[in-house]
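The values are calculated or read from the model by the stated rules, or taken from the named source; none is laboratory data. Quick caveat, the model's predicted, so the values are computed rather than measured. In this analysis, Cβ positions are derived from the backbone assuming ideal geometry, glycine residues included, and neighbour counts consider all displayed protein chains.
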Amino acid sequence: MAGTAAAVRRRAGLPAAALVLALTVAACGGGGGSREAGGTGPSGGAGPSSSPEGQPASSEGEKAGGSAAREAALGRLEAAAFEAGGTAASYLVSPVTDEPLWDLMEYRADRAECQPLVSLAAGAVDDDPAAEVHREVELDDFDEDPMGGLTGRGVAVQLRSYGPGGAARVFSALRKAGSECDGGFTEERVLAEAVYRSVEPVGAPEVGDEAVAYRLRIEDVKDGELVLTEYLTVVRSGSTTLSFRLEALSPDDPGPVPDDLVRAQWEAFEKSGAGA
């Protein structure tokens with residue numbers, strides 16, 4: 001079931017109508033995988049900006065230079081990311097490389113300081129990524145259980161590149177969120193709200209310039225008595241962040257993001273020279 005996990009994962013956890021809406025929007029969004037950050041118009045391209053006198057806000061040379069820099073950053077991240085449809089450590093990487101639903105549908109925390117725990121996509125914090133790539137890794141097969149539900153665990157792996165000082169500031173905001181939002185907050189989704197009951201720090205990998213990891217306890221949006229567990233690990237190396245969010249399609253604690261998966265991505269990142 002490679003490639004289908006993102007559509008059925010618990011964090012999408014929406015009522016049926018909302019899930020259909022989410023998947024419809026995702027399908028219409030087209031995106032072939034990696035996404036560059038930046039404002040987009042209705043057609044998905046950045047619209048022309050003008051000064052009050054009606055003149056372009058920047059020269060064609062400046063625009064070309066900025067686009068080239070973004071393309072270069074994107075190329076470095078693609079070279080560092082797991083191969084879509086390949087393997088990572090002993091796990092299967094989905095051939096699908098679209099943003100996960102929480103980025104695509106712009107899930108929001110009801111308290112701004114908690115947003116880094118929900119998403120680090122453009123607009124989440126003051127610094128937007130210059131480029132980002134997305135991978136989905138399946139730790140188990142996604143199968144039907146005897147009750148007709150789905151079982152399995154998946155990890156969303158996201159690499160993001162920032163301008164000077166941006167990644168460090170993003171990481172500082174993430175640490176602040178882990179501290180100030182430990183008592184919980186509410187995540188606003190398309191047609192539902194998910195209540196985070198707690199945010200707890202857990203052991204972080206010893207890689208990169210800095211790393212954090214959290215255990216998130218979240219009420220199921222359809223059944224408040226059912227509490228699900230997710231794990232979030234984020235590593236920073238220079239101007240790049242490597243994020244791993246593990247979710248499970250069952251109420252059992254799935255355990256933290258596997259260390260061998262994090263290290264496999266870290267080694268690929270170092271080998272590619274993306275952090276240089």
Practice item. Could you list all residues from region 79-92 that are in contact with a strand residue (DSSP E or B) (Cβ under 8 Å, 6 or more places away or on another chain) and either without any contact (Cβ under 8 Å) to a residue 60 or more places away in the chain or surrounded by fewer than 16 Cβ atoms within 10 Å (Cβ to Cβ) (or both)? Key: 83, 84, 85, 86, 87
Exercise for review: Mind listing just one residue for me: the one in region 136-172 that is outside any strand (DSSP E or B) and among the acidic types (Asp, Glu) and, of those, modelled with the lowest pLDDT?
Suggested key: 145
Check your understanding: Residues of region 220-239 being more than 24 Å from residue 173 (Cβ to Cβ), of a type in the set (Val, Ile, Thr) and either surrounded by fewer than 21 Cβ atoms within 10 Å (Cβ to Cβ) or modelled with pLDDT of 95 or more (or both), which ones?
Key -> 227
Point to revise | Hits in region 85-132 (condition: of a type in the set (Phe, Trp, Tyr) and either at pLDDT 95 or above or assigned to a helix (DSSP H, G or I) (or both)) | key: 91, 102
